[in-house]
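I have placed the structure first, in the form of structure tokens, so that the comments after it can refer back to it.
Each value in this text was obtained by applying a stated rule to the coordinates, not by laboratory testing. As the structure is a computational prediction, the values presented were derived from the model and not from experiment. In this analysis, Cβ positions are derived from the backbone assuming ideal geometry, glycine residues included, and neighbour counts consider all displayed protein chains.
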Amino acid sequence: MNHVTLVAGARPNFMKIAPIIHEIQRKRNEGIEIDFSLVHTGQHYDNKMSGSFFKQLNIPDPDINLNSGSGSQAQQTANIMIGFEKYLKSNLTDLVLVVGDVTSTMACSIVAQKLKVEVAHVEAGIRSNDWSMPEEINRLLTDSICNYFFTTSKTANQNLLSSGVNKDKIFFVGNTMIDTLLNNENKFFRPEIYNELKLKKRQYMIMTLHRPSNVDEKIILKELIDEIINSSVDTPIIFPVHPRTKKILKEIGINHPRLKLILPLSYLEFNYLVKNSLAVITDSGGITEETTVMGIPCLTIRNNTERPETISIGTNELVGTNPKNIKYYMQKLLSGKWKKGSIPEMWDGNTSKRIVDILIEL
Ligand code: UD1
């Protein structure tokens, strides 16, 4: 494999591609023949959702930004596919590498495969089995037309094997998101909000909610937030608000002295807050992996997860989306009874190295 085209489109993609790019650059500097291009599909475009990640994680400017933007699932998918097809036709490559489970991941895999370009998927094989989530559809479609599968867990290998994937194409390498976390841990820095609110280590929680199923219906979101506030006793809750959630929150008009709504944070500031927090409340998948590695309790407001090892090994618990469940887990946390957890196999900071070594061999 001499030339790889990497695709990134939305916030959780950026921390997954950064260490792979750095490893390719390192190999090139050693004189090994491998090169890359970077395509930003433009699915996320705000500085706080995209630009700041490129800067902080030292990701080079993309070769192209497809500026696909927002829209319905079909519009977004179509825009990405049209832009990527045009790019790929005039920019030859040996392999397209996609990461994660966002719309860009699926859209670009389909385009590449139809142009007879091989595709590798980083974070392949994980399954929530919940088809109501767009990410699950993206995972299923991407993995059904991929050539090479880089996985974060043995469960993912098992899922791929049982769907008929040839075992020689599956590589259990670990988690590139954790490479980024470990590479940047000593650069995390305090956001202004920390001093402004006089926060104290382990005496506040941080919350993120953006799944359509939690935030698109006013009543559902309001009940969840009300219960989180009521059951968290006197602990401040810092809530960096995703653009999708912001629109609905405005309509609900939630206002409570312990709930601090702030803009999305940069990577280094967000993880500073997580690392020093008492706990995280989230419906994100990636954050459950990061809290597991940092040993921070995580309450997941979802009914399922595609990352079971964050529960069986890590610090994550599946609270569910029923507000009635929240109190039990909050009490467990506030009475100091949360489990300790340990770190899943291969989440050691060397995943990108393993991936690039394999790419060179292919
Ligand atoms: C996407 C991913 C999700 C990921 C999340 C992280 C899919 C299907 N979903 O969801 O897996 O966890 O990103 O953030 O790919 N918007 C802005 N500025 C931006 C981007 C979006 O204001 O830079 C607004 C738009 O109004 C848009 C909405 O946010 O309609 C949602 O964006 P979209 O990319 O559709 O999905 P996310 O909810 O961000």
TODO: Obtain the nm distance between the two label points defined at residue 58 and residue 116 by a simple spin-label model: each point lies 7 Å from its Cα along the Cα-to-C-beta direction.
DONE: 4.0 nm
Open item on the list: Springs between alpha-carbon pairs under 10 angstrom, Gaussian network model over the chain: which of 129, 195, 47 fluctuates most?
Closed with: 195
Open item on the list: Run the numbers for residue 169 and residue 29: contour at 0.36 nm per residue of separation, minus the present Cα-Cα distance, in nm.
Closed with: 47.6 nm
Open item on the list: Which one, 78, 132, 64, projects farthest toward the positive side of the charge dipole computed for the chain from Cβ point charges (K/R +1, D/E -1)?
Closed with: 132
Task: Dipole of the chain, positive direction: furthest Cα of 320, 172, 308, with charges on the beta-carbon - done: 320
Task: Relative contact order computed over segment 207-282 (Cα-Cα under 8 Å; 6+ residues apart), in percent - done: 39 percent
TODO: Note the angle between two axes, namely the Cα long axis of helix 73-90 and the longest principal axis of the Cα atoms of the chain, as a number of degrees from 0 to 90, rounded to the nearest 10.
DONE: 30 degrees
Open item on the list: I'd like the orientation of helix 351-361 relative to the chain: the angle between its Cα long axis and the longest Cα principal axis, in ° from 0 to 90, rounded to 10.
Closed with: 10 degrees
TODO: Would you calculate the separation in nanometres between label points at residue 362 and residue 254, each defined as 7 Å from the Cα along the Cα-to-beta-carbon direction?
DONE: 4.1 nm
- [ ] Round to the nearest 10 and give me the degree value, 0 to 90, for the angle of helix 103-114's Cα axis relative to the longest principal axis of the chain.
- [x] 10 degrees
Open item on the list: For 61, 143, 94, 46, which order do you get if you count the other beta carbons within 10 Å of each Cβ and list the fewest first?
Closed with: 61, 46, 94, 143
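May I ask you to derive the relative contact order of segment 172-251, considering only C-alpha pairs under 8 Å and at least 6 residues apart, and to give it as an integer percent?
This gives 36 percent for segment 172-251.
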Open item on the list: Distance cut-off 23 Å, Cα to Cα: go down the list 48/247; 200/275; 201/337; 55/169; 27/89 and report the pairs above it.
Closed with: 55/169; 27/89
Task: In segment 152-211, chymotrypsin sites (Phe, Trp or Tyr not before Pro) in a DSSP loop with at most 14 other beta-carbon atoms within 10 Å - done: 189
Task: Residue among 65, 13, 166 with the largest mean-square fluctuation in a Gaussian network model of the chain, springs linking Cα atoms under 10 Å - done: 166
Open item on the list: If I take the Cα coordinates of the chain and project them onto the principal axes, what are the three extents in Å, biggest first?
Closed with: 57, 40, 39
Task: Cα centre as origin, Lys/Arg/Asp/Glu Cβ charges: the chain dipole, Debye - done: 1040 debye
